[in-house]
Amino acid sequence: SEDDEAPEGLKMSPQEAYDEAMRELDELIGLSTVKHDIRELASFLKVQRARADHDLAATDVSLHSLCQGNPGTGKTTVARILGRILYGLELLEKGHTVEVDRSGFVAEYVGQTAPKSHKLVDSALGGVLFVDEAYSLVIERGEDPFGREAVQVLLKRIEDDRDKFVAILAGYPRPMQRLIHTNPGLSSRFQRTFSFPDFTGEELLQIFDLFCTKNEYVLSKTARERLLNGFQTLCNRKDEHFGNARLARNIFERGIRRLAMRIAELTPLTRDLLTTLEADDLELEI
């Protein structure tokens with residue numbers, strides 16, 4: 001996120017970027033409300049641009065947003081897609097996404113946080129600055145001058161570089177609300193919220209199937225049943241630290257390692273053996 005050279009723009013035309021981003025949005029598992037909200041925003045922005053082309057009054061809209069949800073619910077993925085949509089609508093010059101957390105803003109010594117934060121925002125100009133676990137920018141208890149300084153730099157750059165980049169703050173819902181409510185500057189500039197629900201057991205199975213398809217594996221019938229039952233049980237027991245898509249990825253990666261251990265000494269290694277995940281390969285901590 002902090003390379004000396006600014007990131008290059010997308011290697012495609014705005015229309016190509018827009019079409020590809022919309023296809024990726026449609027292909028995401030679940031997230032129906034988020035998809036609807038982004039389509040609605042894109043339609044509104046298209047119409048506002050058309051009105052401006054006809055010298056009609058256009059409504060000013062802030063694109064700085066909050067993404068609220070538990071880990072693995074797709075916040076980073078959607079932020080990247082949104083960046084490409086805004087590039088496609090010619091509202092962002094490059095459409096890239098700079099992903100960062102507190103460590104990207106805050107320095108260790110007095111006098112270093114502001115320059116570091118400015119450099120970070122510079123790298124996001126023309127694109128999206130995605131701040132994960134944004135509530136960690138300001139420590140709730142005790143003094144945190146560095147974190148508060150970083151927030152002030154971000155707010156100043158939002159004003160000074162209006163329309164040059166989009167800031168997206170992301171994290172768990174409750175801490176994000178506390179952050180916004182304790183800082184009037186943030187609450188006035190981040191009025192758009194995308195809420196990311198946890199995935200259901202069926203949706204986690206669909207996500208697992210995507211990992212299988214991408215890596216050329218298949219699930220046996222008993223493995224599929226074990227996986228679905230396991231995901232549903234884990235969903236019923238979930239807390240705010242529930243891993244969602246990361247959970248599915250971790251089970252898949254452990255599964256293919258266990259498959260390798262199971263078949264490595266067998267001969268011949270047939271295509272079915274090399275590609276079929278069995279129930280015993282799937283380790284779910286239930």
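Residues in the chain average 54 Å² of solvent-accessible surface per residue, probe 1.4 Å, ligands and nucleic acids excluded. Between residue 43 and residue 267, the modelled label-to-label distance comes to 6.3 nm, taking each label 7 Å out from Cα in the direction of the beta carbon.
If you take all other residues with their beta carbon under 15 Å from the beta carbon of residue 231, and give Lys and Arg +1 and Asp and Glu -1, the sum is 0.
Annotation: residue 64 carries an accessible surface of approximately 20 Å², with a 1.4 Å probe and no ligand, DNA or RNA atoms counted. Remark: spin-label model distance residue 284-residue 249 equals 2.0 nm, labels positioned 7 Å along the Cα→Cβ axis. Measuring only protein heavy atoms, the 1.4 Å probe finds residue 144 accessible over about 10 Å².
Each of 119, 94, 164 has its accessible area taken with a 1.4 Å probe; listed largest first, they run 164, 119, 94.
I'm spelling it out carefully: the read-out is mean projected area of the Cα convex hull in nm², the candidates are [x] 14.6; [y] 19.7; [z] 18.7, and one was derived from this structure. Which label? Read-out from the structure maps to [z]. Listed cross-link partners 75/221; 75/156; 11/35; 35/119; 46/164 are compared with a 21 Å cut-off, the Cα-Cα value being larger for 75/221; 75/156; 11/35; 35/119. Charges were assigned to the Cβ only: +1 to each Lys and Arg, -1 to each Asp and Glu. The resulting dipole of the chain about its Cα centre is roughly 500 debye.
For residue 19 and residue 228, calculate 0.36 nm times their separation in residues minus their Cα-Cα distance, and state this gained length in nm to one decimal.
71.9 nm is the gain from fully extending residue 19 to residue 228.
Heavy-atom accessible surface of residue 161, to the nearest 10 Å², is about 20 Å², with a 1.4 Å probe and all protein chains retained.
Rounded to the nearest 20 debye, the dipole magnitude of segment 146-212 is 500 debye, with +1 charges on Lys and Arg beta carbons, -1 on Asp and Glu beta carbons, and the Cα centre as origin. With a Förster radius of 35 Å, plug the Cβ-Cβ distance of residue 26 and residue 218 into 1/(1 + (r/R0)^6) and report the FRET value to the nearest 0.05. Efficiency at R0 = 35 Å is approximately 0.90. Just the protein heavy atoms count here, and of the accessible area of the chain at 1.4 Å, carbon and sulfur take up 49 percent. Potential lengthening of the chain between residue 236 and residue 260 amounts to 5.6 nm, from the contour at 0.36 nm per residue minus the alpha-carbon distance.
The values are calculated or read from the model by the stated rules, or taken from the named source; none is laboratory data. Given the structure is predicted, the values throughout are model-derived calculations rather than measurements. Every residue, glycine as well, gets a Cβ built from its backbone with ideal geometry; the counts of neighbours run over all protein chains shown. The area values use the complete protein model at the heavy-atom level, side chains included, leaving out ligands, DNA and RNA. Shrake-Rupley method; radii C 1.70, N 1.55, O 1.52, S 1.80 Å.
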